[in-house]
Each structure stands twice: as C-alpha cells, then as structure tokens.
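Visitor: One structure coming up, written as structure tokens, with questions to follow.
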Amino acid sequence: MIIQVLLVAALLLAALYTVRGRRTALSMAIRRVFVIAFFAGGVVAVLFPELLTLTAHQVGVGRGADLVLYALCIASVFTAIGTYRRFRELEDRFVELSRALALAEHRTRGDQHLDA
Amino acid sequence: MPHHPFMATTCVVVPAYREAAVIAGVVATLVGRFGEVVVVDDGSRDATGDLAAAAGATVLRHPVNLGQGAALQTGFEYAAQQPWVTHVLTFDADGQHHVDDAVAAVELAGRTGVDLVLGSRFLEESDPVPALRRIVLRAGVVFSRWTTGLELTDTHNGLRVLSRRAIASLRLRHHGMAHASEILEVAGREGWSYREVPARVHYSDYSVAKGQSSLNAVNVLLDLAVDRIRGRAAA
C-alpha cells in the first residue's frame, strides 16, 4: 500500500536526518513549506472531513483519523530530532565560548603579571 | 630520573575536575620536568585551580563544567599556540598515572617521531606469557582494530603523547568521556603513526571512590573486570 511506502521512506529520512545534514537555506525552506502545509491541511481536514477520508482511502488507510495519527507521529519524530540537533549545536557553541573565555582570561592574567 | 631531550619541549595537559585533594601532588611531580604543565580546571568550584597554580602549573579555568573532552581540547589549543611545543602529554589529575611512564612515553615519541604514543595497562612484559592470556589479549587487539581501526591493547588510557602535527589536526567534538574513542578515530582516519608503551594505572581508594560518584564508574568497573579476565590485578 502507498501509505507503507510513504511511512518507511519518512522514517528512513528521519534516521538520515539524525546523523547528517547541515542547516542550509534549502532545508529551512523545506521545513517552512511543511509547516505551512501542515496548518493548511489541518484547516481543510477539519472543514472537509469527507476529503480527509477520501485521501486516507487513496493511500490505503481505513480511516481519516488514522491518517492524521500517522502524520502526527512522523511530525513528532522530525520535531524531536530537530530539537536534539539544535541542542547539540547549542552545546558546541557554548563550549567554544567557554573555551575562548578561559584562554582570554589567562592572557589577561598574564598581562597583569607583566604590568605588576 | 633521566632528563630526555624532548621533555623540555613537551606541554603537559592535565584536565581536572574537583581534584583539590591530589592535584598539588600530581602537578609537583610534573613541574620542572616538562616544558609546561597546563591544568585545565573544568569548572571545579573548589580549590583545584588555585592549588594547581600554587604548585606551579599554568591554569586555564572553564567558567562551567564542560566535560573531560572539552578540557583536553582547551589544553590542546593552548599548547598549539605556544611555538616552542613539539609534543603534548595528556596526564590524569587523580594520581592514577606514574610520571616514569609519562617520561618513557615522551622519550619514545621524540626518538621515533610517531604522531601518537598511547599508554597501555595490558602490554605483556613478563615471560613466558600463559597461552590463555595471550589468546585473550590477541582477541582484544582484533576487537580494537574492528572498533577503532588501530591495533591497540588498551583503548581507554588517559596517558598519551601527541605530536604537534597530531594536535594541529585534532578538534575534539565530543565534550564528555567519548573523546577517548574520538582521538583514536581521528588517528585512524588521518593515518597517524602510533606506538604503545606500558602505563601502569594505580587504582587508589580515592580514585575508585571518585569514579563511583559519576558514570565513569562504569568504565572503571569494566576496566577492572577486564583486568581480572586478563589475569592481572591492577597495581
């Protein structure tokens, strides 16, 4: 069924996202497009539930609600990975900042000894 | 103790976190023998930094605790900035290492010109070596080659000597305890030449107790278990 292909592909992409990829303009654009599509799709699904059910049937899912659940799962996985990556990047920058501070402080103390 | 030519151009990097009880003693054994002793105080918030400075070490202070890997990298960057440095020696702050082993490691690095000298608790010196122990050690080396690409008898020893060339190409990204594996990974990838030297590790009550207060205890226990399996009690 189509949904199986889509879900497996999404999970493989998520696995790849965990270990690779840099933050480029393209990846930011992709993320924003997905967010907009998510909001738009959500509004449409609420206003036109028959459309949701139709879409679900097309990809081989029994109920519209199930399709929403699958989409939510995938979105959650990507969100979690994105957060993990942001934290790692933040931590790396934090370490670099602290290191620069330690080295600069040492240089300053050294200069003070020379002045004394 | 003999004074080998490369000791004067060796910078010792000692990452330290809350080692006020022993740091002065450790620094005292190193200072005067090597070109410079750099203690990286990893946000200790006790007297570690002050005591190290009083004992004659250059002290770099992290504003907060960042991890042993980050502390080492800070020391490495400092050493790389000193034009007179030819080798960097990493030495544990808790008294587990012996200065004699460090001197031998530096002497070997200088004499052979290799990029990396690693201390090993498991280098067999006594002979004859029992067949079973030889098999176990051989298996360990094969495992090491599989996981790190290097044929080592001890992949987690804090006593190392790195050449200036090695330091220049090293930028540790693991801030915590995984830096040990990262160094080996870089060594394999960059094709560094390497040798192992015997390095005794002294598990005192102090260092073992300290180990149990953090996740490092897992490593210590594993090390001890491996020691047992390999048939040698840690000295």
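Visitor: Only residues that are in a helix (DSSP H, G or I) and modelled with pLDDT of 90 or more: list them for the range B:136-183, please. Reasoning before the result, please.
Guide: In the first step, residues of the range B:136-183 are kept if they are in a helix (DSSP H, G or I); the result is B:136-148, B:164-168, B:179-183.
Correct list: B:Arg164, B:Arg165, B:Ala166, B:Ile167, B:Ala168, B:Ile183.
Every residue, every condition in (1) surrounded by 10 or more Cβ atoms within 10 Å (Cβ to Cβ); (2) within 14 Å of chain B (Cβ to nearest Cβ); (3) out of contact with any Gly (no Cβ under 9 Å at 6 or more places or on another chain); (4) of a type outside the set (S, T, N, Q), yes or no:
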position	(1), (2), (3), (4)
A:Thr18	yes, no, yes, no
A:Ser27	yes, no, no, no
A:Ala100	yes, yes, yes, yes
A:Arg109	yes, yes, yes, yes
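Visitor: Could you grab me the full set of residues in the range B:1-37 that are over 23 Å from B:Arg165 (Cβ atoms) and among the aromatic types (Phe, Trp, Tyr)?
Guide: Across the range B:1-37, the qualifying residue is only B:Tyr17.
Visitor: Identify, please: which residue in the range A:64-84 is free of Cβ contacts under 8 Å to residues at least 40 places away in the same chain and not small (Gly, Ala, Ser) and is, among those, nearest to the other protein chains (Cβ to nearest Cβ)?
Guide: Checking each candidate, the answer is A:Thr83.
Visitor: If you don't mind, there's one more thing I want to ask. Is it fair to say B:Val88 is at pLDDT 95 or above and either within 19 Å of B:Tyr206 (Cβ to Cβ) or within 14 Å of another protein chain (Cβ to nearest Cβ) (or both)? So that I can check it myself, show each step before the final result.
Guide: Working: at pLDDT 95 or above: yes; either within 19 Å of B:Tyr206 (Cβ to Cβ) or within 14 Å of another protein chain (Cβ to nearest Cβ) (or both): no.
Answer is no for this residue.
Visitor: State which residue is farthest from the other protein chains (Cβ to nearest Cβ) when the search covers only the range B:61-85 and only residues that are of a type in the set (A, V, I, L, M) and under 19 Å from B:His156 (Cβ atoms). Walk me through how you get there before you give the answer.
Guide: Going residue by residue through the range B:61-85, those that are of a type in the set (A, V, I, L, M) are B:64, B:66, B:70-72, B:79-80, B:85.
Narrowing further to those that are under 19 Å from B:His156 (Cβ atoms): B:70-72.
Numbers: B:Ala70: 5, B:Ala71: 9, B:Leu72: 11 Å.
Among those that are of a type in the set (A, V, I, L, M) and under 19 Å from B:His156 (Cβ atoms), it is B:Leu72.
Visitor: Quick one: which residue in A:Arg109, A:Arg31 is at pLDDT below 90, in a helix (DSSP H, G or I), under 19 Å from the mean Cα position of the chain (by Cα) and of a type outside the set (Asp, Glu)? Walk me through it before giving the result.
Guide: On the way: A:Arg109 fails: under 19 Å from the mean Cα position of the chain (by Cα).
Unique residue meeting the criteria: A:Arg31.
Visitor: Could you please find all residues in the range B:184-202 being crowded, with 20+ Cβ neighbours inside 10 Å, in a loop (DSSP other than H, G, I, E, B) and out of contact with any strand residue (DSSP E or B) (no Cβ under 7 Å at 6 or more places or on another chain)?
Guide: Matches in the range B:184-202: B:Val201 only.
Visitor: Ok, one more. With the requirement that a residue be touching a helix residue (DSSP H, G or I) at 6+ places or on another chain (Cβ under 7 Å), among the hydrophobic types (A, V, I, L, M, F, W, C), surrounded by fewer than 16 Cβ atoms within 10 Å (Cβ to Cβ) and within 20 Å of A:Leu12 (Cβ to Cβ), what does the range A:45-73 give you?
Guide: Matches in the range A:45-73: A:Val59 only.
Visitor: Quick one: which of B:Asp42, B:Asp46, B:Asp50 is touching a helix residue (DSSP H, G or I) at 6+ places or on another chain (Cβ under 7 Å) and over 21 Å from B:Ser163 (Cβ atoms)?
Guide: On the way: B:Asp46 fails: touching a helix residue (DSSP H, G or I) at 6+ places or on another chain (Cβ under 7 Å); B:Asp50 fails: touching a helix residue (DSSP H, G or I) at 6+ places or on another chain (Cβ under 7 Å).
Only one candidate qualifies: B:Asp42.
Visitor: Cβ-Cβ under 7 Å, sequence separation 6+ or interchain: first residue in the range A:1-28 and over 17 Å from A:Tyr84 (Cα atoms), partner not in a helix (DSSP H, G or I). Which pairs?
Guide: From the range A:1-28, the pairs are A:Met1/A:Gly60; A:Ile2/A:Gly60; A:Ile3/A:Gly60; A:Ile3/A:Val61.
Visitor: Considering each residue of the range B:12-59, count those that are surrounded by fewer than 20 Cβ atoms within 10 Å (Cβ to Cβ), charged (D, E, K, R) and within 13 Å of another protein chain (Cβ to nearest Cβ), and give that number.
Guide: Residues in the range B:12-59 being surrounded by fewer than 20 Cβ atoms within 10 Å (Cβ to Cβ), charged (D, E, K, R) and within 13 Å of another protein chain (Cβ to nearest Cβ): 1 in total.
Visitor: Which strands (runs of 3 or more DSSP E) sit wholly inside the range B:1-62 and have at least 2 residues that are in contact with a Ser or Thr (Cβ under 8 Å, 6 or more places away or on another chain) and closer than 23 Å to B:Ala80 by Cβ?
Guide: Details: elements: B:10-16, B:36-41, B:58-61.
Here the list reads B:10-16, B:36-41.
Visitor: Any residue in the range B:175-196 that is under 19 Å from B:Leu123 (Cα atoms) sitting within a Cβ distance under 6 Å of a residue that is crowded, with 17+ Cβ neighbours inside 10 Å and of a type in the set (D, E, K, R)? List the pairs, counting only those 6 or more apart or interchain.
Guide: B:Ser193/B:Asp115
Visitor: Among the candidates B:Asp115, B:Asp94, single out the residue that is within 21 Å of B:Ser193 (Cα to Cα), away from chain A (no Cβ under 14 Å), of a type in the set (Asp, Glu) and touching a Lys or Arg at 6+ places or on another chain (Cβ under 7 Å).
Guide: Only one candidate passes the filter, namely B:Asp115.
Visitor: Any residue that is part of a loop (DSSP other than H, G, I, E, B), in contact with a strand residue (DSSP E or B) (Cβ under 9 Å, 6 or more places away or on another chain) and β-branched (Val, Ile, Thr) - is there at least one of those in the range B:69-81?
Guide: Our first condition is that a residue be part of a loop (DSSP other than H, G, I, E, B); within the range B:69-81, this holds for none.
No: zero hits.
Visitor: Turning to a different aspect of this structure: Taking the stated definitions as given, is B:Ala168 of a type in the set (Gly, Ala, Ser) and loosely packed, with under 15 Cβ neighbours inside 10 Å?
Guide: Numbers: of a type in the set (Gly, Ala, Ser): yes; loosely packed, with under 15 Cβ neighbours inside 10 Å: yes.
Here the answer is yes, as B:Ala168 does meet what is asked.
The values are calculated or read from the model by the stated rules, or taken from the named source; none is laboratory data. Keep in mind that this is a model prediction, so the values were computed, not measured. Please note: Cβ atoms are built from the backbone with ideal geometry, for glycine as well, and neighbour counts cover all protein chains shown.
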